[in-house]
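Working notes for the structure below.
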Amino acid sequence: MNNHTITIVFACKQNAGRSQIAAAIARQQAPAYIHIVSAGTTPAEHIHPQVMQALMQRGLSPVNLTPQLLTDEIVAQADWVITMGCGEACPVYPGKHYVDWPVADPAHASSLEVEAIIADIEGRVRDLLQRIQS
């Protein structure tokens, strides 16, 4: 049993697709001591409708219903920062675990492409959680 809370931040550019998918899956699969945060470097107004629909079909919901800005404070509190397409705009702090996932952007993807992106992210989240817990 782990008594230390671990914070994972999933970040992408708009916080409307990839980071929302990853956070929703992680929140469902992670043990209670892992805190999940989702944010973007330039947040959109809304989560991409096709992403929201695909999450709901799986019984998942986004961590934030409105995309939120990735701030220095959010990254400073993280143990792990998982980036997906936000590149150098993501703040970097020493002592954090940084992993960049080259995941396709679901912004203008078809339903079939969104399903493939979700499957890709789901595998990556599963691997990450196993790595953190071992």
All-pairs alpha carbon distance profile, the chain, 10 Å steps from 0, percent: 13, 49, 32, 6, 0
Would you mind ranking 71, 41, 7, 83 so that the residue whose beta carbon has the fewest other beta carbons within 10 Å leads the list? 71, 7, 41, 83
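Can you compute the FRET efficiency between residue 73 and residue 108 using 1/(1 + (r/R0)^6), with r the Cβ-Cβ distance and R0 = 35 Å? Round to the nearest 0.05.
Working: r = 31 Å, r/R0 = 0.89.
That pair, residue 73 with residue 108, gives E of 0.65.
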Please compute the modelled spin-label separation between residue 116 and residue 99, points set 7 Å along Cα→Cβ, answer in nm with one decimal. 2.3 nm
Where nothing but the Cβ of Lys and Arg (+1) and of Asp and Glu (-1) is charged, how large is the charge dipole of the range 6-133 around its Cα centre, in debye to the nearest 20? 280 debye
By count of other Cβ within 10 Å, fewest leading, how are 13, 96 ordered? 96, 13
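Throughout, read-outs are computed from the coordinates displayed, never taken from laboratory work. This structure is a prediction, so every number in the text was calculated from the model and none was measured. Heads up, the Cβs are rebuilt from the backbone with ideal geometry, glycines too, and the neighbour counts pull from every protein chain shown.
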